[in-house]
Amino acid sequence: MKTLLLLVLGEILAIGNTNAEVSMMIWENDRVEHVKKYMDLAEFPCNPYPGMLFYYTQSGELRCGEPEPN
C-alpha cells in the first residue's frame with residue numbers, strides 16, 4: 001500500500017488591495033514544486049502581512065504561521 005504525502009507551505013511576498021502575491025512549495029512524496037501565484041486576501045483566516053508563512057492542513061484548511069508539529 002502506497003501512502004501519499006502532500007504538504008503545501010507558503011510565504012506571502014507582497015500584499016495588494018485585494019490579493020497577496022505568494023510563493024509556495026508543494027511536496028508530494030519525493031517531488032517538490034515551487035509556485036508563485038496570487039491569492040485573494042479573503043482566503044486567509046488571519047491578518048496577512050509580507051513575510052508571513054502559511055500552510056494547508058491535511059483536510060485542506062489554510063492556517064497562518066508555521067506548521068504545527070505532529
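None of the figures in this text is laboratory data; all of them are computed from the coordinates on show. Values in this document were obtained by computation on a predicted structure and should not be read as measured data. For neighbour counting, all protein chains shown are included, and Cβ atoms are generated from backbone atoms with ideal geometry for every residue, glycine included.
Identify, among 26, 44, 9, the residue whose Cα sits farthest towards the positive end of the charge dipole of the chain, taking +1 on the Cβ of Lys and Arg and -1 on the Cβ of Asp and Glu, with the dipole about the Cα centre.
Final value for the positive-end residue is 26.
Return the inverse of the average 1/r over all pairs of distinct C-alpha atoms in the chain, which is the Kirkwood hydrodynamic radius, in Å to one decimal.
That comes to 12.7 Å for the chain.
Need the full-extension length gain, residue 21 to residue 53, defined as separation in residues times 0.36 nm minus the C-alpha distance. One decimal, nm.
Stretched fully, the residue 21-residue 53 segment lengthens by 10.3 nm.
Hey, what did the chain get for relative contact order, percent, Cα under 8 Å, at least 6 apart?
30 percent
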